[in-house]
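Q: Got a structure for you, questions after.
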Amino acid sequence: MAQETQEIDIRTWIIRIVRNWYWFLLSCILFGALGVYTYFATTSKYTVDAKLMIRNNDSESPLGQMEMLSMLGMGGTKQIEDEVAILTSRDILTQVVRELDLQSEYRKKRKLKWEGQYPSRDLTVVYPEMFLDTTKKPVQVQIKARKNNYLVKVKYGRWDFSRHKVNDLTQPFSTCAGDIAFQLNKPIQQGAEYTIMTLPMLPAVDKYNRAIVAAPYKKESNIINISTSTDMPQRAIDFINKEIEFYNLDAVIDKNIMASNTASFIEERLRLIEAELAVAESELEAYKAENGIVDLLTEAELYLHEGAEYKKQLAEIETQINLIQYIAEYVSDESKKNALIPANLGIDDQALVALIAEYNQQMLKRMRVQRTATNSNPVLSQMDNQLAMLRENIITSIHSVSKSLTIAKKDAEVRQGKINVQRYNIPTQEKEYIEVARTRELKEQLYLFLYEKREENALTLASTVMPAKIIASPQMDPNSTSPSIKIIGIICLILGFGVPIGVIYLYHFFNNKLSDDSREFERKIKMPFGGVLVQNHHGEHIAVKEGVNSASAELFRLLRSNLRFMLPSHATNPVILVTSNINGEGKSYVATNLAISLALLDKKVALVGLDIRKPMLAQYLNLPSQGCLTSYLSDDAYSIDDLVIPSETKGLDILPAGIIPPNPNELLLSDRLDQLFVELRQRYDYIVVDSAPVALISDTFQLNRVADMTVYVCRARYTTFDLIDYLNQVHEQKRLPNIVTVLNGVNAGKAGYGYGYGYGANNSKH
C-alpha cells in the first residue's frame, strides 16, 4: 500500500510538472540568462603555487639541532609546522604588504568585469602623510571619467560618504577620508571607471594571510607547499617571492643574533684569560730571574714526560670546568634571562649542548612572537613557561656535568700525586718552577681554545647561506579555477527546475483546498468517485441541452452513466439525493443538470427542491411562484398535482421548495414526506432531490430514509481538506446512503475522459 501511495505521489508530481511546463521553461530561461551574466561578469581566478625546501643538513643549524633532539626523543617533531607558522606570521606578511604596496587594490571596469591592475595601473591614489599607517577604517574610492570632469565617490568606514565633481584629479581635494589626490600614470579615457579599495594594515595582512595557504608538502618532509587562488597572478607571484625573501632574511637575522651573542661572550672571556695569562707569564719570568733557572733538569724532564698525559688530561678537564662555570654564571644572571645562551664553545657533553640549542631555538621563537604580540598574550606566557623549564634543565645538567668533571679532576690529581711522590727528591726550586709553568700553560691553552672558537663564530657570522631554498618557483596554472561554466550550468539547471518545484510544493503545502487533480481527490476520499464537472465560467445554470455537445454536457452524460451503473440493483425508480458540505459547491447546479440529463433518456424525472432553508431551484429555472413543497408538507389540502411544474425539457417535472418555513426540520420528519416519495416513485423513473448542505444543518440527514443514492458535490479550489475529512466521517458513520462523490469546478483543460470513469481509486474497498 505504501508503494502504491508513493507511485501515486510520483505520478501526481509528474502531472503537476507537466501542467506547469511553461513555468519551468521560463525559470530555466531566467536562470540560464543569470548564469551567462555571472560567467561573463565574474573575473577569472587562477592558482599560483610554489615549493620551498627548509635546509636541515647542517647539524649546527637550529633545524639540524632540533632534528638531532627528535632522534634522541627530546622533541622537535613539528619543526616544519613551526617554520610554516613563521613563514605566514603577521610580522613577515606585514613587511611584504608594505614592500609591495598592497594596502590598496586597484580595479578597472572592462565590459561586465572589474579587472585588477597590477603591477602597472592607470592612476595611483595619494593619501595624506602617514594616513596608511594610522587609519583604522577601510577607504573605497570610485572614479568615473565623464566628458568635462570626473565623478569621485569616497566611502570611509561604514557610514562616512562623500561625492565630488573634480576637474583635475592631480590636485588635492577634500573628502570624508581627508585631502586626497591622484597620480595619473596614463591618460584617462572618457567613460573609464575605477575602484580603489584601501585597507588598514592589519586587515590587509589578515586578508593575504587567509588567501595564502602554506603546508608541508608531505608527511615528514622538509618541503613546504605555498599556494593561493587569485585573479591577479603576477601579484601572487611577487607576494610569494617576497614572502620567501623576508623569511630567509628573518632567519639570517636570528642566526646573526645568536652568533653576535656568542662573539660577545667569547670576547669578554678572552679579555679575562688574556689578563690572567699575562700575569702567569710575568710570574714565570720573575721566578726564573729570581732563582736563576735557565732550563729544567733532565731528571725533572723524565718525570714530567712520565706525567704529561695526566697534565694534558687535567688541562682539558680544567678547560671544561671553566666553560661550565662560565655557562653557569651566564644562566644564573637575571639580567640575561631573555637572552640567548652562548653556543658552540666546545663543551664535550652533548646532552647539555642539545639542551642549550633547544633553549636558543625556543628563545628565537619568543623573539619573533614578541615583535607582534603584547606581554599579556597567552602564547608568550606558554613560551615563558617552556623556557623556564628548559633553563632549569640546563642548570640541572650543568650541576651534573660539573660534578662529573670534579670527580674526573680529583682522579687525575691522585694519579698526578703519585708522580709528585716520585719527584720528591727534585729540588724545591724545580717543583715551584713546574707549578708556575703549569699555571701559565693552562691559561695559554684556554686562551688558544677561545681564540679558535672566536674565529669559528666569525665564520658563522659571515656566512650568508639561506635556510630556505626555492625548488619550484611560483607559477600560474594556465587553467582558471573560476568561473566554471560546468558548475554554473549545473547550478542554473538545479535552480531552473528547483525553484518552480519549490514554489509548487509550497503552494500545495500551504493550500488547504482541493485542486483540479481528480486523482488527488480520489486518494483523499473513502467512497466511490462519480466523475468531474468543469467550471461554469459563463454563469449559465443549464449546461445540458438537447442536441448540444459541449464539454459540460458530455461530463454530465458521463456522470449519468456512472450513477446508473453504481445504483443499487434493488432500487426501483430510485431517489438520488444531491448535497454538499457547504453553500457554493454547486449542488443545485449538479442536481438540475443531472435531472435534465436523465430526462433526455426519455425517462420521466422529478427534480425535487428540499433545500427549504435556502431554495435555489426556482431561481435557476425561472419558475413561477405557484405551488410549493413546504405548503404540501404542512397542509393536507395540497396534493402532488398542486406542486408539479413542467419544465422545458420533455419528461422533467419540477417540485420547488417554496417559501421558507419556520420549522423546516420538523417538516422533513413528517409522514407527508414519506407519502410524497411513495407517490413520486409511482409516477417517475428517477427522482433527483436538491437538499441542504450537510456541514451546516442536519436537514439532509433526515432524508436518508427515502433516498437510494447520495451524490456528494465538492468543488475544486473551494472545498477545504477539513470538509473532506468531514465527508469521510459521514461515510464511515453511514449517515447517508450509497455516497458517490463529484468534483465540480475543474478547469476545462484538466477534465478529460481519463478522469474518474466508474469507481474511483478506492472502489475496490466498497
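Q: Would any residue of the range 509-553 have its amide N under 15 Å from a label point 7 Å out along Cα→Cβ of PHE565? List them or say none.
A: Within reach of a label on PHE565: 528-532.
Q: Taking a ≥ b ≥ c as the square roots of the Cα gyration tensor eigenvalues, with a/c under 1.5 meaning rounded and otherwise prolate when a/b beats b/c, else oblate, which class fits the range 518-760? Intermediate results must be reported in sequence, preceding the final value.
A: Values: a/c = 1.61, a/b = 1.31, b/c = 1.22.
Prolate shape, in that a/c is at least 1.5 and a/b is the bigger ratio.
Q: For ILE640, what is the net charge nearby, where nearby means another residue's Cβ is under 10 Å from its Cβ and Lys, Arg count +1, Asp, Glu -1? Write out the running numbers ahead of the final one.
A: On the way: positive: ARG683; negative: ASP641, ASP642, ASP653, GLU679.
Cβ neighbours under 10 Å give a net charge of -3.
Q: Cut-off is 10 Å between beta-carbons; in what order do MET566, MET130 appear when sorted fewest neighbours first? Mind showing how you got there, number by number?
A: On the way: MET566 17, MET130 8.
Ascending Cβ contact count within 10 Å gives the list MET130, MET566.
Q: Another one. Please work out the C-alpha center-to-center distance from the range 623-692 to the range 495-567 and express it in whole Å.
A: Each part reduced to its Cα centre gives a spacing of 31 Å.
Q: Using a/c under 1.5 as the rounded threshold, could you call the range 679-722 rounded, prolate or oblate? The axes a ≥ b ≥ c are square roots of the C-alpha gyration tensor eigenvalues, and prolate needs a/b larger than b/c, oblate otherwise.
A: Working: a/c = 3.47, a/b = 1.97, b/c = 1.76.
Prolate, because a/c is 1.5 or more and a/b exceeds b/c.
Q: Explain nothing, just the number: dipole magnitude of the range 561-622 about its Cα centre with +1 on each Lys and Arg Cβ and -1 on each Asp and Glu Cβ, in debye rounded to the nearest 20.
A: 80
Q: More than 20 Å apart: what percent of Cα pairs in the range 538-681 qualify?
A: Cα-Cα pairs of the range 538-681 separated by over 20 Å account for 49 percent.
Q: How about the range 633-716: which chymotrypsin sites (Phe, Trp or Tyr not before Pro) there lie in a loop by DSSP and see at most 13 other Cβ atoms within 10 Å?
A: Passing sites in the range 633-716 do not exist.
Q: Could you check the spin-label model distance between ALA215 and GLU81? Points 7 Å from the Cα along Cα→Cβ, value in nm.
A: Reported label-point gap for ALA215 and GLU81 is 1.3 nm.
Q: Just to be sure I understand: of the beta bridges DSSP finds with both ends in the range 518-760, what percent are antiparallel, rounded to 5?
A: On the way: 2 of 30 bridges.
About 5 percent, rounded to the nearest 5.
Q: Expressed in nm to one decimal, what extension gain is obtained for the pair TYR330 and ARG717 from 0.36 nm per residue of sequence separation less their Cα-Cα distance? Present the calculation step by step, with values, prior to reporting the outcome.
A: Details: separation 387, 0.36 × 387 = 139.32 nm, distance 9.41 nm.
Additional length available on full extension: 129.9 nm.
Q: Something else now. Could you give the size of the charge dipole of the range 64-248 about its Cα centre, using +1 on the Cβ of each K and R and -1 on the Cβ of each D and E, expressed in debye and rounded to the nearest 20?
A: 1400
Q: Next up: For a paramagnetic label modelled at 7 Å from the Cα of ILE29 toward its Cβ, which residues of the range 500-516 fall within the zone defined by backbone nitrogen distances under 16 Å?
A: Under 16 Å, as judged by backbone N against the label point of ILE29, lie 500 of the range 500-516.
Q: I want the local charge near GLU666. Using Cβ-Cβ distances under 12 Å, sum +1 for each Lys or Arg and -1 for each Asp or Glu among the other residues.
A: Local charge sum for GLU666: -1.
Q: How high is the relative contact order of the range 518-760, in percent, counting Cα pairs under 8 Å that sit 6 or more residues apart?
A: 35
Q: While we're on this one: How big is the dipole moment of the range 521-610 about its Cα centre under a simple scheme where the beta carbon of each Lys and Arg is +1, that of each Asp and Glu is -1, and everything else is neutral? Debye, nearest 20, please.
A: With only Lys, Arg, Asp and Glu charged at Cβ, the dipole is about 280 debye.
Q: Considering only the other residues whose Cβ falls under 10 Å of the Cβ of VAL713, what net charge follows from Lys and Arg at +1 and Asp and Glu at -1?
A: Numbers: positive: LYS587, ARG715; negative: GLU585.
Neighbour charge sum, excluding VAL713 itself: +1.
Q: Still on this structure: Projecting each Cα onto the charge dipole of the range 64-248 (Lys/Arg +1, Asp/Glu -1 at the beta carbon, about the Cα centre), which of VAL205, ALA236, PRO172 comes out farthest on the positive side?
A: Checked the options; the winner is PRO172.
Q: Follow-up question, since we're still on this one. Say each of LEU506 and ILE490 gets a label point 7 Å from the Cα, pointing the same way as Cα to Cβ; how far apart are those two points in nm?
A: 2.6
Q: Would you work out which of ILE645, LEU669, VAL713 lies farthest towards the positive end of the dipole of the range 518-760, given +1 charges on the beta-carbon of Lys and Arg and -1 on that of Asp and Glu, about the Cα centre?
A: Checked the options; the winner is VAL713.
Q: Expressed as cubic angstrom per residue, what is the convex hull volume of the alpha carbon set of the range 64-248?
A: Expressed per residue, the convex hull around the Cα atoms of the range 64-248 is 138 Å³.
Each value in this text was obtained by applying a stated rule to the coordinates, not by laboratory testing. Being a predicted model, the structure only gives us computed values, none of them experimental. Every residue, glycine as well, gets a Cβ built from its backbone with ideal geometry; the counts of neighbours run over all protein chains shown.
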